[in-house]
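The values are calculated or read from the model by the stated rules, or taken from the named source; none is laboratory data. These numbers come from a predicted model, not from an experiment. Glycine gets a Cβ as well: all are built from the backbone with ideal geometry, and neighbour counts include every protein chain shown.
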Amino acid sequence: MQSVTKTLTAVVSEAFGKCGYDEKLGVVTPSDRLDLCQFQCNGAFSGAKLYKKAPFMIADDVAAILKTEDIFSKVDVVKPGFLNLTLSDDYMLKIVKEIESDKFCGIPQAETPQKIVIDYGGPNVAKPLHIGHLRSAIIGEALKRLARVCGNTVYGDVHLGDWGLQIGLVIAELNERYPDWKCFSEDFDASSDTVPELNPDLLCEVYPFASKKSKTDEDFKAKAHTATFELQNGRPGYIALWKEILRVSIADLKGNYEKLGVDFDYWYGESDADKYIPELMKILEDKKLSYESDGALVVDVELESDKAPMPPVIVRKSDNSSIYATTDLATIIQRNKDFSPDKIWYVVDKRQELHFTQVFRCARRAELVPESTELEFLGFGTMNGADGKPYKTRDGGVMRLSDLIETVTNASLERLTNSTFVSEEDREDYARKLGMAAIKFGDLINHRSKDYIFDLDKFMSAEGKTGIYLLYTVSRINSIMKKAGDFKAELNGIYTESERELMLKLIMSGDVWGSAMSEKAPNYICENAYQLAVSFSHFYHENHIMDEPDEKKKASWLALAQLTRTMIVKHLDVLGIETVENM
Ligand code: ARG
């Protein structure tokens with residue numbers, strides 16, 4: 001079904017037309033003064049200029065027609081020319097019933113569904129998953145689900161960092177520690193030789209060690225670069241070792257993402273772009289875009305309109321190795337071939353914006369995708385600690401994602417220990433869900449581009465804009481429904497003001513979904529879920545559902561509670577937040 005403002009815009013536009021005015025003036029928006037009206041149309045102001053007439057005269061003409069429509073209970077013209085609209089109860093009830101029976105819960109479906117590739121997660125093989133990757137996973141997953149519930153086809157790709165210098169560093173370090181491993185010898189034969197099995201703990205320890213060493217030890221650094229280059233050029237022993245590193249690392253990553261409730265349709269890595277690099281280089285050369293500069297191959301991406309300097313993008317370094325931009329460009333070729341997407345979204349730390357600007361401009365110049373394919377960088381801000389600096393462990397190190405998950409799960413467990421609602425055996429599962437709800441909602445309530453402070457106590461609070469408050473609301477409705485047993489719930493009227501307020505929020509949700517999708521902003525979904533919960537709470541306190549002697553009212557209220565639950569759960573599901581039965 002379409003959003004309510006869209007329906008109302010059609011009605012009001014027609015009224016403008018009937019009065020001889022341009023129909024385009026009939027745009028209806030939610031009111032910013034809910035105490036006066038529910039919706040408004042300010043078209044009379046633009047009309048005044050067109051028709052050289054006072055705005056209120058135009059508004060009066062239109063209002064006279066709208067007053068005959070039974071969908072409105074109130075149509076007011078407020079000087080100098082606002083048109084204020086309030087829906088009739090009958091009409092509100094009708095829309096709420098439509099939402100109730102709509103299999104999409106009233107979420108407006110895309111008129112022309114799009115094919116969207118979302119590049120998110122972006123973990124690096126052999127490096128521990130740290131909290132910088134948390135935001136990409138949480139936001140990317142929410143965007144993927146959002147785009148899907150709006151009727152689009154979405155492919156999520158983790159885009160593993162599996163091909164860069166970090167692998168060279170690990171190979172060089174392992175070589176120093178275990179020089180006897182067959183994979184380090186030139187005559188390694190993939191058909192008969194093998195690589196020793198690695199374990200995740202070793203991997204976790206090796207990378208930070210090697211990375212630190214490379215900062216002071218020039219010799220070692222050069223070895224790591226050579227190893228990277230040789231790996232990229234297919235040295236058999238390195239490829240075999242790299243495959244083992246991938247195996248261990250990916251198993252570990254999958255476990256962590258599973259705990260986060262994040263899942264990818266594709267586990268492609270930077271290395272998968274490798275086979276498209278020759279094609280990329282040829283296009284750049286044929287189109288005369290690439291040229292040599294200080295031994296490297298570069299492409300100019302500066303525009304006349306640039307206010308800040310825009311360096312050329314390097315597509316091949318002087319040592320002949322390809323780099324981050326090269327794999328991103330080659331990946332665009334791959335995605336275009338495999339999916340011919342309408343859009344590619346990159347959910348990446350906003351500090352990488354320059355890189356993506358360069359990559360996109362180069363892709364455009366090289367026509368790697370049709371002009372109509374949108375390439376969009378959706379940068380996100382940093383998760384900070386209480387001191388306003390990037391969130392760290394107690395001893396100042398980079399926080400590992402697995403440690404963070406453990407911290408929040410333990411905090412939730414502590415809370416649940418005294419709960420009489422949760423059985424011993426459900427406790428672990430509940431703790432994980434509560435912890436995830438807390439961190440995901442705490443993250444997603446902020447616009448993705450903003451930095452925010454990770455404040456676990458605040459995120460775990462049962463009051464205010466938190467995931468926990470929403471889980472409480474759902475669990476409260478669950479218990480109402482349980483008490484009601486098989487009492488037949490059915491919407492049949494509007495009896496109180498708090499009910500009207502809640503219904504209006506339900507009706508307005510369609511518009512919220514629309515804005516969240518068009519602005520790629522899951523924070524709107526968080527905010528709306530919260531608003532629904534607050535309105536439900538007013539409704540619940542004002543109307544004592546279970547004690548209500550009038551069975552008709554009780555039936556309607558129960559149905560409204562049930563629909564509110566469905567809607568909140570839908571919102572949470574898009575945010576990647578699971579609910580619990582009772583808490
Ligand atoms: N692996 C990268 C990092 O950790 C993020 C990858 C983002 N996606 C991309 N297509 N470059 O910074």
Checking the conditions here, which among Ala48, Ala63, Ala44 is touching a strand residue (DSSP E or B) at 6+ places or on another chain (Cβ under 6 Å) and assigned to a helix (DSSP H, G or I)?
Ala63
Report the residue count in the range 109-122 for those that are of a type in the set (Gly, Ala, Ser) and more than 10 Å from the ligand (Cβ to nearest atom).
1
Every listed condition ((1) surrounded by fewer than 20 Cβ atoms within 10 Å (Cβ to Cβ); (2) outside any helix (DSSP H, G or I); (3) at negative phi) holds for Val262 save (1)
State which residue pairs qualify: first residue closer than 19 Å to Asp189 by Cα and inside the range 224-238, second residue aromatic (Phe, Trp, Tyr) and in a helix (DSSP H, G or I) in any location, beta carbons under 7 Å apart, and separation of 6 or more residues or different chains.
Ala227/Tyr238; Glu230/Tyr238; Leu231/Tyr238; Leu231/Trp242; Gly237/Phe184
In the set Lys307, Lys223, Lys275, the lone residue that is within 33 Å of the chain's Cα centre (by Cα) and within 30 Å of Glu197 (Cα to Cα) is Lys275
Residue selected from the range 571-583 under the condition touching a Ser or Thr at 6+ places or on another chain (Cβ under 9 Å) and at pLDDT 95 or above, by the criterion nearest to Leu491 (Cα to Cα)
His571
Within the range 285-304, track down each residue that is within 17 Å of Leu354 (Cα to Cα) and either among the hydrophobic types (A, V, I, L, M, F, W, C) or modelled with pLDDT of 95 or more (or both).
Val298, Val299, Asp300, Val301, Glu302, Leu303
Check the range 148-160 and report whether any residue there is more than 25 Å from Tyr268 (Cα to Cα) and either surrounded by fewer than 19 Cβ atoms within 10 Å (Cβ to Cβ) or within 23 Å of the chain's Cα centre (by Cα) (or both).
yes
Inside the range 325-372, the number of residues satisfying the requirement of being under 13 Å from Asp119 (Cβ atoms), of a type outside the set (A, V, I, L, M, F, W, C) and within 12 Å of the ligand (Cβ to nearest atom) is 9
Across the range 436-481, which residue is surrounded by the fewest Cβ atoms within 10 Å (Cβ to Cβ) among those that are among the small types (Gly, Ala, Ser) and closer than 16 Å to Ala137 by Cα?
Ser449
For the range 285-317, which positions are in contact with a Ser or Thr (Cβ under 8 Å, 6 or more places away or on another chain) and in contact (Cβ under 8 Å) with a residue 60 or more places away in the chain?
Val299, Val301
Residues within the range 66-82 that are of a type in the set (Val, Ile, Thr) and assigned to a strand (DSSP E or B), tallied:
3
For Val313, work out the one condition from (1) within 11 Å of the ligand (Cβ to nearest atom); (2) closer than 26 Å to Ala224 by Cα; (3) touching a helix residue (DSSP H, G or I) at 6+ places or on another chain (Cβ under 7 Å) it doesn't fulfil.
(1)
Residue hits (the range 1-39; more than 29 Å from the chain's Cα centre (by Cα), at pLDDT below 95 and among the charged types (D, E, K, R)) are Arg33, Asp35
Conditions: (1) among the small types (Gly, Ala, Ser); (2) surrounded by 20 or more Cβ atoms within 10 Å (Cβ to Cβ); (3) within 27 Å of Asp157 (Cα to Cα). Ser372 meets all but one. Number of the miss?
(2)
Condition first: in contact (Cβ under 8 Å) with a residue 60 or more places away in the chain and within 23 Å of Ala462 (Cα to Cα). Now tell me which residues in the range 507-542 satisfy that.
Pro522, Asn523, Ile525, Cys526, Glu527, Tyr530, Ala533, Phe536, Ser537, Tyr540
Could you please let me know if Ile131 is β-branched (Val, Ile, Thr), at pLDDT 95 or above and in contact with a helix residue (DSSP H, G or I) (Cβ under 6 Å, 6 or more places away or on another chain)?
no
Scanning the range 147-192 residue by residue, those part of a loop (DSSP other than H, G, I, E, B) and charged (D, E, K, R) turn out to be Asp162, Asp180, Glu186, Asp187, Asp189
Taking first residues from the range 123-140 that are within 8 Å of the ligand (Cβ to nearest atom) and assigned to a helix (DSSP H, G or I) and second residues anywhere that are at pLDDT 90 or above and not hydrophobic (A, V, I, L, M, F, W, C), the pairs with Cβ under 7 Å that are 6 or more apart or on different chains are Gly132/Asp349; His133/Gly121; His133/Gly122; His133/Pro123; Ser136/Tyr120; Ser136/Gly121; Ser136/Gly122
